[in-house]
Amino acid sequence: MSGQKPRTLFDKIWDAHVVDTLPDGTALLYIDLHLTHEVTTPQAFDGLRQAGRKLRRPDLTLGVIDHNIATDASRYTGIVDPESRLQVETLEKNAAEFGMPLIPLLDDRQGIVHVIGPELGRSLPGMTIVCGDSHTSTHGAMGALAFGIGTSEVEHVLATQTLLQKPAKNMKVEVNGNLAVGCTAKDIVLAIIGRIGTAGGTGHVIEYAGDAIRALDMAGRMTVCNMSIEGGARAGMVAPDETTFEYIRRTPNGPKGEALERALAWWRTLPTDPGAHFDKVVTLNAHEIVPQVTWGTSPEDVLPITGVVPNPEEAADEARRAQLRRMVEYMGLTPGQRLQDLKIDVAFIGSCTNSRIEDIRAAAAIARGRKVADGVRALVVPGSGLVKKQAEAEGLDRILTEAGFEWREAGCSMCLGMNPDKLTPGQRCASTSNRNFEGRQGPGGRTHLLSPAMAAAAAIAGHLADVRDFQPKGSV
Amino acid sequence: MEAFTTLTGIAAPLPKANVDTDQIIPARFLKSISRTGFGKHLFANFRYKEDGSENPDFVLNQEPYRKAEILIAFENFGCGSSREHAPWALLDFGIRCVIAPDFADIFHNNSFKNGVLPVKLPREVCEQLMEDARLGGNARLTVDLERQVVVRPSGEEIPFQIDPLRRHLLLNGLDDIGQTLQHAPAIDSYEARQKAAQPWLGGA
Ligand code: SF4
């Protein structure tokens with residue numbers, strides 16, 4: 001490789017997947033793994049059928065049901081909502097007709113698409129991974145190039161196993177130093193979005209680097225990469241290292257034996273070369289990060305938990321003032337109010353951002369020996385059937401239910417208001433999900449994004465709370 | 001896909017930044033398995049009150065904007081979820097062109113693929129066009145993709161930039177898949193190389 005221009009992780013994966021280049025520079029990019037779910041695929045399969053096209057690579061395609069299903073016991077007796085049932089049945093029919101592997105709804109491996117890919121060992125370093133869902137960026141934590149696509153592109157990948165793509169620009173977000181006590185990967189990524197804004201990464205692929213990122217476990221890296229889209233970037237990635245490889249060795253479907261050795265040899269060449277060019281670089285100090293919580297209706301409207309609701313009149317221009325006034329009104333806030341005084345109705349621990357075993361352990365550590373406040377509904381929704389089983393083997397479900405949390409079946413649940421888990425108008429929710437847009441968790445619902453430990457602390461306090469005031473208690 | 005050449009129509013002003021896809025079409029309406037019928041849910045949380053009646057303050061509930069074919073908004077239009085239901089809802093309502101200072105990447109892609117033209121123009125220009133749009137039914141805008149100009153009611157022409165390949169596909173209503181399948185031999189040989197080099201793909 002000597003004499004070659006230094007390349008980023010993104011450049012290397014991109015270059016390895018270019019099948020052909022069109023005269024205007026658009027690349028025909030090969031896709032190594034296409035994940036599908038019930039919501040963004042029916043129209044794509046319909047398109048294939050109408051054009052008489054086939055699914056090109058069933059072996060590189062995997063379907064799962066996650067978005068619109070109930071997360072209570074009702075899933076065992078059939079889906080109640082007729083439209084949801086139709087979407088699920090359509091996916092099942094399409095899988096059978098086109099030969100697409102599909103994880104059945106009542107299988108242990110079922111779960112949120114972005115949790116199961118890495119967990120099963122299907123999402124691997126150096127891969128290109130797509131899914132009709134913007135949080136596909138999660139898989140970038142494996143050292144893959146992973147991004148969300150629309151339904152037309154889903155159809156394109158089903159038919160050709162490729163996508164027409166313009167190369168993105170490279171952006172590096174470097175987080176250095178040690179995280180303070182009580183802070184997690186979620187606080188890192190919220191702080192990043194607070195810094196760069198929701199359009200800060202538009203047109204870019206973000207590589208997260210620095211020793212604070214290196215120190216994260218795979219679950220933490222997934223949390224960070226997951227929210228890249230909230231910072232405007234289609235993809236976020238972390239260079240693969242020993243932490244990644246150790247994780248892959250423990251997956252059921254990851255490569256084994258000689259295949260693994262060959263894979264490792266290639267994966268070790270993937271990290272960004274010294275001196276490679278980044279179009280944009282942002283640096284944060286991990287030790288300056290305080291537990292974060294969003295107060296408004298855009299992920300960039302985030303503050304330390306010690307903060308107060310901002311005064312819209314202090315914003316620089318009229319457009320921003322109007323936007324902030326609307327947020328304060330929608331969220332039912334008063335400027336100057338302490339965030340820690342905001343009473344909550346619901347706490348939601350789940351979603352592809354924070355529903356892995358590590359997240360559930362963090363919530364259980366706070367919940368142990370304590371009780372959910374009166375009047376608060378608290379849900380814990382594991383990201384997959386396998387996470388659920390693991391948590392139960394560790395006794396976490398008992399700690400949580402004894403504290404008054406609901407222990408649910410795997411799915412997207414209250415992350416988006418399209419299944420039975422929804423906020424009602426005016427309800428305030430401490431949520432570990434990724435979007436706080438108006439109505440995201442149900443019409444009129446008010447979302448505060450935060451980490452699993454912070455959500456558990458809020459559930460117990462009955463209001464947003466500083467997790468640093470909650471020392472874990474020993475077993476009771 | 002329907003070709004897009006020139007569109008002359010009523011433009012609705014939506015002076016808002018960060019219009020996300022949850023606003024364009026809330027998640028609870030994503031359960032259909034067809035591409036049509038989403039128009040009635042476009043901007044549902046703004047267009048309808050809690051009891052389901054129309055909110056008269058929202059622009060698309062006012063005359064003449066009920067028949068708007070162009071939408072003008074501010075920065076970062078279409079951010080959030082990758083749902084293609086967003087352009088489907090716009091299209092089903094009758095909107096075939098969105099003008100804004102910039103667009104979120106996935107929405108931008110999805111629009112082109114469904115025959116909705118996203119036009120990027122600086123914020124000051126968007127503000128001027130919103131002023132034009134506020135004049136209502138007598139002040140139609142023209143969006144000419146062939147010549148790459150937006151024509152104001154005064155006759156003033158504002159040029160815009162667009163990716164040549166996208167323009168070509170849209171002008172001719174061409175489907176990407178047909179275009180890509182012309183590269184089938186290249187895909188075949190890529191797959192053959194990949195099979196030898198990365199035998200672990202496809203799962204154990
Ligand atoms: S958990 Fe939420 S963000 Fe993640 S895939 Fe499901 S709906 Fe999308």
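The values are calculated or read from the model by the stated rules, or taken from the named source; none is laboratory data. In this text the structure is predicted, and so the values were computed from the model without any measurement. Positions of Cβ are generated from backbone atoms using ideal geometry, with glycine treated the same way; all protein chains shown enter the neighbour counts.
Exactly one condition in (1) within 16 Å of the ligand (Cβ to nearest atom); (2) among the polar types (S, T, N, Q); (3) within 14 Å of another protein chain (Cβ to nearest Cβ) is not met by A:N354; state its number.
That leaves (3) as the condition not met.
Which number in (1) without any contact (Cβ under 8 Å) to a residue 24 or more places away in the chain; (2) assigned to a helix (DSSP H, G or I); (3) not aromatic (F, W, Y) marks the one condition that A:Q471 misses?
That leaves (2) as the condition not met.
Only one of (1) of a type in the set (S, T, Y); (2) in contact with an Asp or Glu (Cβ under 8 Å, 6 or more places away or on another chain); (3) more than 16 Å from the ligand (Cβ to nearest atom) is not met by A:T424, so which one is it?
(2)
If you check A:I289 against the conditions, is it crowded, with 21+ Cβ neighbours inside 10 Å, of a type in the set (A, V, I, L, M, F, W, C), farther than 18 Å from A:V205 by Cα and more than 14 Å from every other protein chain (Cβ to nearest Cβ)?
Judged against the criteria, A:I289 is a match.
Quick check on segment A:108-121. Is at least one of its residues within 30 Å of A:R7 (Cβ to Cβ), in contact with a Pro (Cβ under 9 Å, 6 or more places away or on another chain) and of a type in the set (D, E)?
yes
Residues A:T136, A:T202: which one is within 10 Å of another protein chain (Cβ to nearest Cβ), more than 16 Å from the ligand (Cβ to nearest atom) and β-branched (V, I, T)? Steps first, answer last, please.
Working: A:T136 fails: more than 16 Å from the ligand (Cβ to nearest atom).
Just a single option satisfies the conditions, and that option is A:T202.
Does A:A141 satisfy being away from the ligand (no atom under 16 Å from the Cβ) and either of a type in the set (G, A, S) or outside any loop (DSSP other than H, G, I, E, B) (or both)?
Considered against the rule, which asks whether it is away from the ligand (no atom under 16 Å from the Cβ) and either of a type in the set (G, A, S) or outside any loop (DSSP other than H, G, I, E, B) (or both), A:A141 comes out as no.
Among B:S34, B:S53, which is of a type in the set (S, T, Y) and within 12 Å of chain A (Cβ to nearest Cβ)?
B:S34
Could you list, in sequence order, all residues of segment A:236-270 that are of a type in the set (G, A, S), at the interface with another protein chain (Cβ under 10 Å from one of its Cβ atoms) and closer than 19 Å to A:F10 by Cα?
A:A263
Could you look through segment A:64-86, keep only residues that are within 13 Å of another protein chain (Cβ to nearest Cβ) and polar (S, T, N, Q), and pick out the one that is farthest from the ligand (Cβ to nearest atom)?
Among residues in segment A:64-86 that are within 13 Å of another protein chain (Cβ to nearest Cβ) and polar (S, T, N, Q), the one farthest from the ligand (Cβ to nearest atom) is A:S84.
(1) surrounded by fewer than 18 Cβ atoms within 10 Å (Cβ to Cβ); (2) at pLDDT below 95; (3) in contact with a Ser or Thr (Cβ under 6 Å, 6 or more places away or on another chain): which one isn't true of B:V151, the others all being true?
Failing condition for B:V151: (2).
If I filter segment B:78-103 down to residues being closer than 22 Å to A:H135 by Cβ and under 9 Å from the mean Cα position of the chain (by Cα), which single residue comes out as farthest from the other protein chains (Cβ to nearest Cβ)?
Within segment B:78-103, the match that is farthest from the other protein chains (Cβ to nearest Cβ) is B:G78.
With a cut-off of at least 3 residues that are among the β-branched types (V, I, T), name the strands (runs of 3 or more DSSP E) lying wholly within segment A:12-114. Can you show your working first?
Numbers: elements: A:18-21, A:27-30, A:33-36, A:61-63.
In segment A:12-114, A:18-21 are the strands (runs of 3 or more DSSP E) which contain 3 or more residues that are among the β-branched types (V, I, T).
Considering B:T36, B:T21, which residue is closer than 22 Å to A:H37 by Cα, among the polar types (S, T, N, Q), within 19 Å of the chain's Cα centre (by Cα) and away from the ligand (no atom under 16 Å from the Cβ)?
B:T36
Residues A:F10, A:F98, A:F45: which one is among the aromatic types (F, W, Y) and within 12 Å of chain B (Cβ to nearest Cβ)?
From the options A:F10, A:F98, A:F45, the qualifying one is A:F45.
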